[in-house]
1. With the requirement that a residue be under 21 Å from the mean Cα position of the chain (by Cα), under 16 Å from VAL118 (Cα atoms) and either of a type outside the set (A, V, I, L, M) or open to solvent by 70 Å² or more (accessible area, probe 1.4 Å) (or both), what does the range 326-352 give you?
2. Quick one: THR18 ticks every box in (1) outside any helix (DSSP H, G or I); (2) crowded, with 17+ Cβ neighbours inside 10 Å; (3) under 19 Å from the mean Cα position of the chain (by Cα) except a single one, so which number is it?
3. Kindly indicate the residue of the range 4-15 that is of a type outside the set (A, V, I, L, M), surrounded by fewer than 20 Cβ atoms within 10 Å (Cβ to Cβ) and part of a loop (DSSP other than H, G, I, E, B) and also modelled with the lowest pLDDT among those meeting that condition.
4. Checking HIS30 against (1) buried (at least 19 other Cβ atoms within 10 Å of the Cβ); (2) modelled with pLDDT of 95 or more: exactly one of these is not met. Which one?
5. Output yes when any residue across the range 276-287 is open to solvent by 70 Å² or more (accessible area, probe 1.4 Å), closer than 30 Å to PHE194 by Cα and out of contact with any Leu (no Cβ under 7 Å at 6 or more places or on another chain), and no when none is.
6. So, of the residues in the range 210-232 that are assigned to a helix (DSSP H, G or I) and β-branched (Val, Ile, Thr), which turns out to be farthest from THR12 (Cα to Cα)?
7. Residues being under 15 Å from PRO160 (Cβ atoms) and either not hydrophobic (A, V, I, L, M, F, W, C) or not in a helix (DSSP H, G or I) (or both): count how many of those fall in the range 69-99.
8. Out of all the residues in the range 277-322, which are of a type in the set (D, E, K, R) and in contact (Cβ under 8 Å) with a residue 24 or more places away in the chain?
Amino acid sequence: MKQSILFSKNDTLQIKGTGILLIVLHNFFHWVQPSTGENEFFFDILFFKNYATLLIDYPEQFVNLSFSFFGHYGVQLFIFISGYGLSTSYSIKTSSYFAFIKHRLLKVYPPFLIGVFVLCLYTFFLNKKVLSFQWGLSIIYKLLSIHIFLPEEALSINGPWWFFGLIIHFYFIFIPLQRLINRYGISGFLGINFSAYLLIFLLLEPLLEHKIYVMANVIGHLPEFTLGIFFASRKVISIRKSWFFIALITFSLGNIFFVFYPFTFLSIIIIFLFLFQYRGSILNWMKALIEFFGGYSLFIFVLHGFFRNIFISLTIEKSILEVIGFALAYLFFVTILSVVCQKIYNYLKTTL
């Protein structure tokens, strides 16, 4: 099936840029006091109560509280645009299943290995330690992409790295998913996700007892990924106001009631895409800045997790403006480091 490109390259960079900014600032602020908690890997009404109570008591903390509670939804933007991007690029240049997997893994593993190397340097020079045997084992689990199946391993060493297992598993099932959706259209999309939501409700709490997160695995995020594939298979897609309001209500209820919780991740995509349709009013320099972050999003994602502790330690007993200042300084530092690492990687890739 011939597929239309609904998002331009700049659109894709804007989505990635928005996603990485949400993720980086979330991963900073959710360790800064006061902290809300978030309904990311499991649901707890206490997290929303914390957010509401703290916001009422400390309205000046709106920025850090909101990034702490909502910022993790930036991951959903990456999952959606990954499904969309894989589908559009694969439709333009098809390949065998194993050639596709090889190509995708070669895009992901080198930056990840650079991240492991930088982590080793960080641990040795700043913490005066060498990686322990357990750390080494956890890195091997991540390289094999099995960490998200193992108790207490999904968030080990460097919390944000749980995502690498998820995206690699999506690579392995992408082609069958795309063929199902291209062949059966909306029926295929709905059938896949009916099964996904059924499995989420059946497995989320039993596996949580063993400290394994369904919401860190492909089952938990099939709806966002397949929505990207489905959108790529359509000639014209626009988000209606009725969809937006349904998604907004679902998202709101999902942070209060468990029965709606699994639907919050798909709902936030609908909400974002509806608002994204009106991005024309955003100033050009802001678009360019967001696109810049989108262009370096992979290395920012790889490197930002373990450097945050340096800046978080500086926020103790500081005013909210000082805390936001340290957050921006952290973002600036990680961005510069990511630009340098990506430039070095690109140079080595073209010369070796």
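1. Result: PHE333, THR335, ILE336, SER338, CYS341, GLN342.
2. (1)
3. SER4
4. Going through the list (1) buried (at least 19 other Cβ atoms within 10 Å of the Cβ); (2) modelled with pLDDT of 95 or more, HIS30 breaks only (2).
5. yes
6. Residue satisfying both the conditions and the ranking: VAL214.
7. Result for the range 69-99: 5.
8. Within the range 277-322, ARG279, LYS287, GLU291, ARG308 qualify.
The values are calculated or read from the model by the stated rules, or taken from the named source; none is laboratory data. Model, not experiment: these values are computed from the prediction. When we count neighbours, we look across all protein chains shown, and the Cβ atoms used for this are built from the backbone with ideal geometry, even at glycine. Surface areas here come from the heavy atoms of the whole protein model, side chains and all, with no ligands, DNA or RNA. Shrake-Rupley method; radii C 1.70, N 1.55, O 1.52, S 1.80 Å.
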